[in-house]
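This report concerns only the one structure given below.
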Amino acid sequence: MFIAAARARKLIRYNFQLIGYEPDEAAWLSIRMGVKRDLQARRLRPNAPIPSRRNPLRYLGAMLRETGSIFRAIGSFLHDGAWTSSGGSFRLAEELGFDLVQEATDRLKADGDFRYLEVGGGWAGLKTSASPNARDIAGLARHFRNDLGERVFLHFTNLTCWHTELPKGITEHPYVTAAGLSVVDAQGVAPGSISILYSQAAAYFETDVASFISAASALLRPGGLLIFNIPPTQVVSVMNCARRRSLKLGKWRDLGGMNGIVIAFEKRASLPKPGFVEWPSPGSMRTNRGQLEERHPHVSN
Ligand SMILES: C[S@@+](CC[C@H](N)C(=O)[O-])C[C@H]1O[C@@H](n2cnc3c(N)ncnc32)[C@H](O)[C@@H]1O
């Protein structure tokens, strides 16, 4: 774990150098912690229920069961904490009323090709058994199996490397943070090519939202869709950065608790699409809390 974390940090630093990005000290601290939790999340079953660290005995018991190691359990209790992951899913997009498969189908039809990018996709649904509905990258891959690698390309990032082998048309970009997302350009994802950029409970942890939004906007094609969730404390910065980066606010919803606020933006095209509204004040967003019960399966502290 120690060696894997050091290697991941080195490769993340290398990717930052490629794009000339220098995180500040606070960002590095958060990345270091993120890498450790990322390595741990890979070992847990998708959606493993991990109790809060406020209940030490239950937390340690669950981590011991999941990891099979008392040292890992104690290490995560004292230092790393635990991330549980759905394995990647479209749940937060669905909470906003988006059917990403339908969006993808419409965009493929309109544009002739479809490129999807997910930040912090984890297992991307490739580790769990197939569900009848396409609700993750694995589901999109099944849905578009005839076009995968030809007209449909699915990309996702992680802080460490989760996959050793992937089908043609699906690409993992390991050692990439949300703020350092523009490095995917050097890995074959052209600026202006992404139709849907999604992040569930991953860009949420980014401390440099300005860099993330700038990279996301550059990667999106005109009319492209950006959906992610943020803690309420980031609302003002996100809104200001998005406005500067030609992103038009679409639907948003304050889910409360660990889900924070889930927001959709559209990259400005010449003609705005119906359903995309003018900016509310950040204050009015903050008052719209508690519409849904707190039920974030992804994060525990
Ligand atoms: C709680 S898991 C969520 C995984 C997956 N999106 C899901 O919904 O199950 C958190 C993920 O966030 C990613 N992550 C954490 N900090 C990040 C950052 N600064 N930039 C990009 N990804 C980050 C990690 O790689 C980790 O896989």
Going through the range 195-211 in order, the residues found to be away from the ligand (no atom under 12 Å from the Cβ) and either small (Gly, Ala, Ser) or touching a His at 6+ places or on another chain (Cβ under 8 Å) (or both) are SER195, ALA210
If we keep only residues of the range 122-137 that are touching an Asp or Glu at 6+ places or on another chain (Cβ under 8 Å) and among the small types (Gly, Ala, Ser), then the residue farthest from THR160 (Cα to Cα) is GLY125
Of (1) modelled with pLDDT of 85 or more; (2) in contact with a helix residue (DSSP H, G or I) (Cβ under 8 Å, 6 or more places away or on another chain); (3) closer than 29 Å to VAL183 by Cα; (4) of a type outside the set (Ser, Thr, Tyr), GLU25 fails just (2)
Note on ASN47: of the conditions (1) within 11 Å of the ligand (Cβ to nearest atom); (2) in a helix (DSSP H, G or I), unmet is (2)
Next item on the list: Confirm whether GLU95 is over 29 Å from ILE263 (Cα atoms), crowded, with 16+ Cβ neighbours inside 10 Å, within 15 Å of the ligand (Cβ to nearest atom) and not hydrophobic (A, V, I, L, M, F, W, C).
Entry: no
The lone condition LYS127 fails out of (1) assigned by TED's automatic domain parsing to the domain that holds TYR198; (2) within 16 Å of the chain's Cα centre (by Cα); (3) within 11 Å of the ligand (Cβ to nearest atom) is (2)
Within the range 142-165, of all residues that are more than 16 Å from the ligand (Cβ to nearest atom) and aliphatic (A, V, I, L, M), the one nearest to PHE98 (Cα to Cα) is VAL152
Do we find a residue being touching a residue at least 60 places away in the same chain (Cβ under 8 Å) and either within 12 Å of the ligand (Cβ to nearest atom) or surrounded by 20 or more Cβ atoms within 10 Å (Cβ to Cβ) (or both) anywhere in the range 69-81? yes
Taking first residues from the range 21-37 that are farther than 22 Å from CYS161 by Cβ and surrounded by fewer than 16 Cβ atoms within 10 Å (Cβ to Cβ) and second residues anywhere that are modelled with pLDDT of 95 or more and among the hydrophobic types (A, V, I, L, M, F, W, C), the pairs with Cβ under 7 Å that are 6 or more apart or on different chains are GLU22/PHE16
Using the structure shown, decide if GLY34 is within 12 Å of the ligand (Cβ to nearest atom) and on the phi < 0 side of the Ramachandran plot. yes
Across (1) surrounded by fewer than 16 Cβ atoms within 10 Å (Cβ to Cβ); (2) under 14 Å from the mean Cα position of the chain (by Cα), ILE227 clears everything bar (1)
From the option list ALA201, ALA264, ALA242, single residue qualifying as assigned to a strand (DSSP E or B) and at pLDDT 85 or above is ALA264
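The values are calculated or read from the model by the stated rules, or taken from the named source; none is laboratory data. Fair warning: this is a prediction, and the values are worked out from it, not measured in the lab. No Cβ is skipped: glycine too gets one built from the backbone with ideal geometry, and neighbour counts run over all protein chains shown.
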